[in-house]
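Right, one structure below, let's go through it.
The values are calculated or read from the model by the stated rules, or taken from the named source; none is laboratory data. Computed from a predicted structure; not experimentally measured. Note that we place each Cβ from the backbone using ideal geometry, even for glycine, and neighbour counts take in every protein chain shown.
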Amino acid sequence: MIGLVFRNFQYRRRRTALTVLGISLGSTLIVSFLLLGQGLETAVAERMRSFGSDLIFVFPGKENNPFAGMFGGSELRDKDVDALKSVEGIRIVLPMQTRTLKAALDGEEKAILIHGSPWMETEILYRESQGFGIAEGYWPTREDAKEVVAGSTAAAWRFRRPLTVSDELVIRGRRYRVAGIFKPTGDAANDAMIYFSQREFRRLTGDTTGVRAIILKVGTGYDLNAVADSAKATLSRQRGIGDFAILTPDKALRLVGNVLDTVRIVLGGLAAVALLVGGVGVMNTMFTAVLERTREIGIMKALGAAESKILTMFLLEAGLYGATGGVIGSLASLAIAKVAEAASGATGGLALLSVEIDPLVILGSLSFTFVLGALFGVVPAWQAARLLPTEALRYE
């Protein structure tokens, strides 16, 4: 019977391919998101842990979507930075600004992301909480010195030749000496930056009205959440302050989880529609197969084939459509996930994104699509099993 099922499955190859395609689209959506969602959650968790458990992040914008405010051009003010310095339990207040500008080395000009923050606070916070270290050169101390520190990737790969200590970068007609080069941090975004003092950043860019983000380092012995609440209360009392968000690592993880849950619902709906369309395609194909093989069914029944055997044969065929779509969808999902993993590292996005192939997810997808195909084949299979031998043999 199994051989007969596979023979019938291959009988109309074009129709089979179109039927399988509908199932494979839904399967691709589901498996891709399961693999990428799991990898993204792991990446964000690792990123939060790398920030340090004693840090609080302050962004402009609404708390349910702080990054939209930060990347949308909103800013916090210098007086907000000063207000946070008075909060008990905060050891360091680090204002940060970023901007993409063109930098030239030996006449070669490239767009590069520059970062501005006070040298002293940056050194303490980055060394103690984020594991930054100098591979070559030294960490500048003078705010007014025209000196920069290059991330490891920016130094090694941004220009035709690697940056070295004492090289000069020309940005907007100003010359800046490379004082040091960071060791690799494992964070693609940080490693690709050029770091300036806040004063020189503002002189260079003219961005003197505020900051894009603030990092707070909490002192030893203080409760992180309690200090975060105090910081929020302090900023809330500031006159004229707009929307702002204060995130601890745990809160950031919950925020990302909420965003992923929303995406799950949307993609789940799309996948359900795709699978429904694919299931209807299986049902239509099976009805057509019953009509085409009516005489064959009559002969089988005349030779003594039981209704249960015919029912099982058609259900297996319908399930095979679903399982084949599941196999194609799983393979496509693996390819999509691995391309996304490679692209994230190459573009400096989520460098920690690592997709792990979970056999249970793949087996679950194949089982689900097989059962789905079989379910949509129940009515045609039942129709085939109930055919009367005499009517089936007279069918033309």
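Brief remarks follow.
- Unique match (being in contact with a helix residue (DSSP H, G or I) (Cβ under 8 Å, 6 or more places away or on another chain) and outside the structural domain of Gly37 (by TED's automatic domain parsing)) among Leu275, Leu260, Leu247, Leu267: Leu247
- Those residues of region 111-142 which are part of a loop (DSSP other than H, G, I, E, B) and crowded, with 16+ Cβ neighbours inside 10 Å, in sequence order: Ser117, Pro118, Phe132, Trp139, Pro140
- Subset tally (residues that are aromatic (Phe, Trp, Tyr) and in a loop (DSSP other than H, G, I, E, B)) for region 156-215: 1
- Some residue of region 337-349 being at pLDDT 75 or above, out of contact with any Gly (no Cβ under 9 Å at 6 or more places or on another chain) and either surrounded by 14 or more Cβ atoms within 10 Å (Cβ to Cβ) or closer than 30 Å to Arg158 by Cα (or both): yes
- Scan region 234-276 for residues that are hydrophobic (A, V, I, L, M, F, W, C) and more than 15 Å from Leu36 (Cβ to Cβ) and the total you get is 15.
- Qualifying residue in region 206-220 (condition: in contact with a Lys or Arg (Cβ under 8 Å, 6 or more places away or on another chain) and among the basic types (Lys, Arg)): yes
- Being closer than 27 Å to Pro249 by Cβ, in the same structural domain as Lys110 (by TED's automatic domain parsing) and basic (Lys, Arg) is a property that Arg161 lacks.
- Residues satisfying the stated conditions in region 258-281, i.e. surrounded by 13 or more Cβ atoms within 10 Å (Cβ to Cβ), under 16 Å from the mean Cα position of the chain (by Cα) and either at pLDDT 75 or above or within 27 Å of Ser367 (Cβ to Cβ) (or both): Leu260, Val263, Arg264, Leu267
- If only residues of region 143-200 that are among the basic types (Lys, Arg) and free of Cβ contacts under 8 Å to residues at least 40 places away in the same chain are counted, the one that is surrounded by the most Cβ atoms within 10 Å (Cβ to Cβ) is Arg177.
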